[in-house]
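The values are calculated or read from the model by the stated rules, or taken from the named source; none is laboratory data. A quick note: this is a predicted structure, and the numbers were derived from the prediction, not measured. So basically every Cβ, Gly included, is an ideal-geometry build from the backbone, and we count neighbours across all protein chains shown.
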Amino acid sequence: MLYQHPAVREAAVIGVPDRYWGEVVQAYVSLRENTAASEADLQAFVADRLASHKVPATIQFLPELPKGLTGKIHRKTLKDWALQTILA
């Protein structure tokens, strides 16, 4: 759903541990050049189109998402980053 926003170049969504819910959605987004979007903008955009439990609790902006040798977004790296910040 994030890809449908005009400012989003690439996006990935992972689940991160949460004390209350068990797991919540966290998104990583790279924006197109000369565009802008805030975390609140993107959350509102997807909230109109998805069930509330599928809306990312947080959205992290990166210049480029990590990719493996085949060019696919490397979600394992994103998950490791998220867990490091949660456990730190």
- In segment 50-63, residue surrounded by the fewest Cβ atoms within 10 Å (Cβ to Cβ) [restricted to those that are under 15 Å from residue 31 (Cα atoms) and of a type in the set (A, V, I, L, M)]: 62
- Given the conditions (1) out of contact with any His (no Cβ under 7 Å at 6 or more places or on another chain); (2) crowded, with 16+ Cβ neighbours inside 10 Å; (3) aromatic (Phe, Trp, Tyr), every one holds for residue 3 apart from (2)
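Between 2, 62, which is of a type outside the set (D, E, K, R), modelled with pLDDT of 95 or more and within 17 Å of residue 85 (Cα to Cα)?
62
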- How many of the residues making up segment 60-77 are in a helix (DSSP H, G or I) and either of a type in the set (D, E, K, R) or touching a Cys at 6+ places or on another chain (Cβ under 8 Å) (or both)? 2
- Looking for whichever is touching a Gly at 6+ places or on another chain (Cβ under 8 Å) and charged (D, E, K, R) here; the options are 33, 64, 23. Which one fits? 23
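Condition check: over 10 Å from the mean Cα position of the chain (by Cα) and either at negative phi or in a strand (DSSP E or B) (or both). Does residue 20 satisfy that? Lay out the reasoning, then the answer.
On the way: over 10 Å from the mean Cα position of the chain (by Cα): yes; either at negative phi or in a strand (DSSP E or B) (or both): yes.
Answer is yes for this residue.
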- Task: Would you check if residue 84 is of a type in the set (S, T, N, Q), part of a helix (DSSP H, G or I) and within 15 Å of residue 5 (Cβ to Cβ)?
- Result: no
- Pull up segment 23-38, narrow it to residues that are surrounded by fewer than 17 Cβ atoms within 10 Å (Cβ to Cβ) and in a loop (DSSP other than H, G, I, E, B), then point me to the one that is farthest from the chain's Cα centre (by Cα). 34
- Message: Would you confirm whether or not segment 64-71 contains a residue that is among the β-branched types (Val, Ile, Thr), over 14 Å from the mean Cα position of the chain (by Cα) and surrounded by fewer than 16 Cβ atoms within 10 Å (Cβ to Cβ)?
- Response: yes
- Task: Test residue 41 against the criterion of being surrounded by fewer than 16 Cβ atoms within 10 Å (Cβ to Cβ), modelled with pLDDT of 95 or more and either acidic (Asp, Glu) or in a strand (DSSP E or B) (or both), and give yes or no.
- Result: yes
